[in-house]
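Structure record follows, encoded as structure tokens.
The values are calculated or read from the model by the stated rules, or taken from the named source; none is laboratory data. The shown structure was predicted, so the numbers you read here are calculated from the model rather than taken from an experiment. Here the Cβ is made from the backbone with ideal geometry for all residues, glycine too, and neighbour counts use every protein chain on show.
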Amino acid sequence: MASDARSNLKPLSLHVPEPQFRPGDTVDFAAVEIPAAGAARRPDTAEAARDFTDLAYTLVRVLDEEGHAVGPWNPRLSADAKRRMLRHMATVRAFDERMFRAQRQGKTSFYMKSLGEEAVAVAAAHALDADDMCFPSYRQQGLLIARGCPLVDMMNQIYSNTGDKLQGKQLPIMYSEKRFGFFSISGNLTTQYPQAVGWAMASASKGDTRIAATWCGEGSTAEGDFHSALTFATVYRAPVIFNVVNNQWAISSFSGFAGAEATTFAARAIGYGIAGLRVDGNDALAVYAATQWAAERARTNAGPTLIEHFTYRTEGHSTSDDPTQYRSAGEPTAWPLGDPIRRLKDHLIAQGEWDEERHAAMDKEIAEDVRAQQKAAEKNGILGHGLHQPLDTLFDGVFEEMPWHLREQQAQMMAEEAASGRPWARK
Ligand SMILES: Cc1ncc(C[n+]2csc(CCOP(=O)(O)OP(=O)(O)O)c2C)c(N)n1
Ligand SMILES: [Mg+2]
């Protein structure tokens, strides 16, 4: 009946986003707007968020095409500081490469690389204080590496072996490192956002000086947790930095499914009255400068900042993914913002502070160190070789006092394992 009455109206149609390029398509990113390096203004950190909403629709960039650092966001770091950042990014890349290969060799069940996104975590770690608290997603291994976490500890966790301090209870790469201010990674997307805000609110209410920083992917901004975190943060002006890593893919879903066709992810900040910055995520100096700016706002009680890092996920989502099934193989090379390591390297070379020989020597040294640490980790066991946690520890670490029904299950499991004759049942 209703349809009869409205028969003169055009039928509605549902818009279903579709990525620009699919497997086999020629990629042309000419439509991606890339403002010139140095063009974005840098407001005083005390300015009200509503006075610089334009910064949510542009890109803060420092490194230009010739490798010069330009404009008001140039953090003017010493050559030593930039070389350290370069080294940490190169270490992340080498570590990722080894661990990816270890998964392919059957030594672990799972791994996730951050290829092409190394600047996002590494430069942020350099800009934050060492005791600021990080609530990362699974693609910020760069935070741990830049904060000096021994690679062997990370590898032990990836191998779930006898050296794994998490006792094999977390999926490989879901680290938890209190020593390095690195909150336990959760597989449930975006839970870290409200947790970071809660931590930041507690820090402020105790009169502490430490701030929190959190990271999620652009796909994860579609989670309800993202929005409740932003509401709490703006209401209580929590000293927190929200990082949205827009690498344009969420497994096989492109960013359009999280809202990228309509606006930027930085613009999410505007509706909440939060400071929003959109940054070239492949420009380590821009990431550093934006984080430093946001940290100063947070530390001076000027409130939270949301930083969108515009980047590109160069490889698959994880070792369980094959991106050639859903996107054009031409995308990674056509991506116009380049490679973060190469860009910082070119900048140091342009400054006369680095050269190809030193770079090659650094890469060699890093590769040897990663290999040596991998060897040490593998002494503690790899997947399927029996050198894992004693089976009875499976139930530990959840309840302070294990409830009776779990004690019963544990005893039953141990009895069954002992009867099976499998070697790991022995304590
Ligand atoms: C609540 C929840 N929903 C779905 C998943 C499955 N999942 C794991 S990673 C992922 C994609 C996330 O993409 P994005 O947030 O863009 O981060 P990226 O992997 O690109 O770094 C999905 C859908 C999950 N782990 N948790
Ligand atoms: Mg993503």
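Worth a mention:
- Flag if PHE254 is surrounded by fewer than 24 Cβ atoms within 10 Å (Cβ to Cβ), near ligand 1 (Cβ under 10 Å from one of its atoms) and farther than 30 Å from ALA79 by Cβ: yes
- Residue that is nearest to ligand 1 (Cβ to nearest atom) [pool: residues in the range 128-172 that are of a type in the set (Val, Ile, Thr) and surrounded by fewer than 20 Cβ atoms within 10 Å (Cβ to Cβ)]: VAL152
- Any hit, the range 204-211, residues being more than 8 Å from ligand 1 (Cβ to nearest atom), touching a Cys at 6+ places or on another chain (Cβ under 7 Å) and in a helix (DSSP H, G or I): no
- When ASP28 is tested against (1) among the charged types (D, E, K, R); (2) under 28 Å from the mean Cα position of the chain (by Cα); (3) not in a loop (DSSP other than H, G, I, E, B), just one condition goes unmet, and that condition is (3).
Each row is one residue, and each column tells you yes or no for (1) touching a residue at least 40 places away in the same chain (Cβ under 8 Å); (2) surrounded by 17 or more Cβ atoms within 10 Å (Cβ to Cβ); (3) away from ligand 2 (no atom under 16 Å from the Cβ).
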site	(1), (2), (3)
VAL279	yes, yes, no
LEU285	yes, yes, yes
PHE310	yes, yes, no
SER320	yes, no, no
GLY330	yes, no, yes
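- Pick from the range 257-278, criterion over 19 Å from the mean Cα position of the chain (by Cα) and in a loop (DSSP other than H, G, I, E, B), ranking: farthest from ligand 1 (Cβ to nearest atom): GLY273
- Selection status of ASP208, closer than 22 Å to ALA294 by Cβ, charged (D, E, K, R) and away from ligand 2 (no atom under 16 Å from the Cβ): yes
- Out of PHE232, PHE226, one residue alone is within 14 Å of ligand 1 (Cβ to nearest atom) and touching a residue at least 12 places away in the same chain (Cβ under 8 Å). It is PHE226.
- Condition check for ILE307: in contact with a Leu (Cβ under 9 Å, 6 or more places away or on another chain), more than 16 Å from ligand 1 (Cβ to nearest atom) and not in a loop (DSSP other than H, G, I, E, B): no
- Look at (1) out of contact with any Asp or Glu (no Cβ under 9 Å at 6 or more places or on another chain); (2) part of a helix (DSSP H, G or I) and you find that VAL370 fails only one, number (1).
- Test result for LEU77, farther than 21 Å from ALA275 by Cα, at pLDDT 95 or above, surrounded by 16 or more Cβ atoms within 10 Å (Cβ to Cβ) and out of contact with any Gly (no Cβ under 8 Å at 6 or more places or on another chain): yes
- All of HIS359, HIS388, HIS347 fail the test of being in contact (Cβ under 8 Å) with a residue 12 or more places away in the chain and touching a Leu at 6+ places or on another chain (Cβ under 6 Å), apart from HIS347.
- Residues in the range 101-123 that are part of a helix (DSSP H, G or I) and within 15 Å of ligand 1 (Cβ to nearest atom): GLU118, ALA119, VAL120, ALA121.
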